[in-house]
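Asks: Structure provided below as structure tokens; questions to follow.
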Amino acid sequence: MNRFQKSKNPAFIFDLGGVLLDWNPRYLFRKLFDGDEKRIDFFLEEICPQEWNMRQDAGYPVAQAIEERCRLYPEYSQAIHAYYERYQETVSGEISGTVQILAELRAADYPLCALSNWSWETFSLIRGDHAFLEWFDELVISGREGIIKPDAAIFELAARRVGRRPQDCLFIDDYQLNISAAEQLGMQALLFTSPETLREDLVSRGLLG
């Protein structure tokens with residue numbers, strides 16, 4: 001079936017960064033590099049690229065990652081340290097429209113799970129800043145689990161944690177590769193582009209009033 005029936009009580013699995021939280025390291029590095037986008041591009045593409053950050057998302061110790069990177073690029077030591085020492089400045093706030101949708105799904109008693117590629121060390125720094133994170137029945141954070149999306153194992157883990165088969169879960173993420181991986185496992189999935197579009201999709205599926 002292409003459509004959930006509310007009586008079956010499907011579980012919703014939400015990504016966090018880019019869906020519920022406005023995370024972007026540029027928010028921090030615009031301050032450190034005086035808004036020089038070329039310097040920021042170089043730093044985030046060459047010095048601390050996403051591939052490096054994803055190692056920590058998979059559980060690699062932050063302190064060790066910083067030490068190794070500083071040995072490679074000692075002239076950028078201060079900025080490398082700031083990536084994690086000032087980590088909270090990489091999150092500008094909540095994506096309020098999606099948080100409102102989450103609140104409505106919670107009120108309707110749907111099981112809720114967060115599934116995010118995030119270092120457990122840095123997630124712990126921002127967790128207390130956002131009350132909605134306590135609304136989830138389960139938090140599947142890659143840095144704690146040692147598995148990252150799009151590995152099928154982490155989607156299977158999220159489904160198990162909420163007591164559902166993958167096909168009885170709806171996954172919401174802003175990255176197409178993760179959406180495709182979830183669908184290959186049998187999950188229903190929606191590519192997040194905006195809270196407004198997400199609401200329209202859920203209403204059309206009969207999951208929101």
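Asks: Since Asp137 meets every condition but one in (1) crowded, with 17+ Cβ neighbours inside 10 Å; (2) in contact (Cβ under 8 Å) with a residue 24 or more places away in the chain; (3) touching a strand residue (DSSP E or B) at 6+ places or on another chain (Cβ under 7 Å), which condition does it not meet?
Replies: Result: Asp137 fails condition (1) only.
Asks: Can you pull out the residues in segment 132-173 that are assigned to a loop (DSSP other than H, G, I, E, B) and closer than 15 Å to Phe12 by Cβ?
Replies: Hits for segment 132-173 are Phe136, Asp137, Val162, Gly163, Arg164, Arg165.
Asks: Hey, can you tell me all the residues within segment 14-54 that are more than 30 Å from Pro111 (Cβ to Cβ) and in contact with a Ser or Thr (Cβ under 7 Å, 6 or more places away or on another chain)?
Replies: Pro25, Tyr27, Leu28
Asks: Right, next: Determine which member of the set Ser124, Ser92 is among the small types (Gly, Ala, Ser) and not in a helix (DSSP H, G or I).
Replies: Ser92
Asks: Follow-up. Please enumerate the residues belonging to segment 174-184 that are touching a Phe, Trp or Tyr at 6+ places or on another chain (Cβ under 8 Å) and assigned to a loop (DSSP other than H, G, I, E, B).
Replies: Asp174
Asks: Which residue out of Ile101, Ile148, Ile172 is under 17 Å from Gly18 (Cβ atoms) and touching a strand residue (DSSP E or B) at 6+ places or on another chain (Cβ under 8 Å)?
Replies: One residue alone meets the criteria, Ile172.
Asks: Out of segment 9-34, which residues are acidic (Asp, Glu) and either at pLDDT below 95 or under 15 Å from Leu102 (Cα atoms) (or both)?
Replies: Answer for segment 9-34, where residues must be acidic (Asp, Glu) and either at pLDDT below 95 or under 15 Å from Leu102 (Cα atoms) (or both): just Asp15.
Asks: State yes or no: is Arg55 of a type in the set (Lys, Arg) and within 22 Å of the chain's Cα centre (by Cα)?
Replies: yes
The values are calculated or read from the model by the stated rules, or taken from the named source; none is laboratory data. Since the model is a prediction, treat every value here as computed from it, not as a measurement. Glycine also receives a Cβ, built like all others from the backbone with ideal geometry; neighbour counts cover every protein chain displayed.
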